[in-house]
1. Check residue 145: other-chain or 5+ apart residues with amide H under 5 Å from its amide H, H built from backbone geometry?
2. Straight-line reach from residue 144: which aspartates and glutamates fall under 18 Å, measuring Cα to Cα and dropping same-chain residues less than 8 apart?
3. For the chain, modelled as a Gaussian network with Cα springs under 10 Å, which listed residue fluctuates most, 177, 62, 46?
4. In degrees from 0 to 90, rounded to the nearest 10, what is the angle of the helix 150-189 Cα long axis to the longest principal axis of the chain?
5. Have a look at 100, 36, 55 and report the one farthest towards the positive end of the charge dipole of the chain, computed about the Cα centre with Cβ charges (Lys/Arg +1, Asp/Glu -1).
6. Explain nothing, just compute: Karplus ³J(HN,Hα) = 6.51 cos²θ - 1.76 cosθ + 1.60, θ = phi - 60°, for every residue of the range 21-31 in order, whole Hz, x for Gly and Pro.
7. Obtain the nm distance between the two label points defined at residue 55 and residue 26 by a simple spin-label model: each point lies 7 Å from its Cα along the Cα-to-C-beta direction.
8. Top mean-square fluctuation among 92, 37, 71, Gaussian network model of the chain, C-alpha springs under 10 Å?
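The values are calculated or read from the model by the stated rules, or taken from the named source; none is laboratory data. All values derive from a computational prediction rather than experimental measurement. All Cβ positions, glycine included, derive from the backbone under ideal geometry; neighbour counts span all protein chains shown. Quick note on the areas: whole protein, heavy atoms, side chains included, nothing else; ligands and nucleic acids left out. Shrake-Rupley method; radii C 1.70, N 1.55, O 1.52, S 1.80 Å.
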Amino acid sequence: MSHLVLPLQKIGEIFQGITLSRYADDNGRSEHVVSLSDLEYLYIERNPSVVQLRLSDLERYRIKTGDVVISNRGTLLKASVVTDKLEGSLASNNVAVIRPIVQINSVYLAVLMRSKWLEQQLVTLYLQSSTIQLIPISQLRSLKIPLPNLETQNKLAQLFLATERANRITLEILDTRNNLSEFTLFQTLEGQQ
């Protein structure tokens, strides 16, 4: 099946997050900052860190509902969608932001940015330094992104959200089982069985 394929720059505006050290100021305003560690799930759920920043030209780093925040340095292939709760937060410099300019399901885009399919596409784009992997914004812009119709995007997004929920439930069950095993061990060793 053939899909429309567009470079990422035709799908959304892409920008790098803020370099925190440039704006850090102990007397500045408290700002929520989304960073790489916040990209655990398809929707950003964690409360982002709060930093003190001076109020110089911060608006261009603010994220909006539906933006897709992606890792482009350090741990690559992490991406999450911004929720209403985080609207107006800032993106840190270890992430890039894709703000859709065409009709696209943001979860589908986040799924694609996390996928093994994209990993294969990126193999040649990784720039290696001694400590960090990096994909420059200029190369992200040229990534070819398949755009199936919106109905297919929605179905794929729902599939991956359901898979994520199942994975989380499974991890919770395993954690509970581990805690019960530890409790049983403790009770046995303490002789209180």
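1. 6, 8
2. 13, 119
3. Highest fluctuation among the options: 177.
4. For 150-189 against the chain, the angle is about 30 degrees.
5. 100
6. Those phi angles translate into 4, 5, 10, 4, 7, 4, 9, x, 7, 6, 10 Hz.
7. 2.1
8. 37
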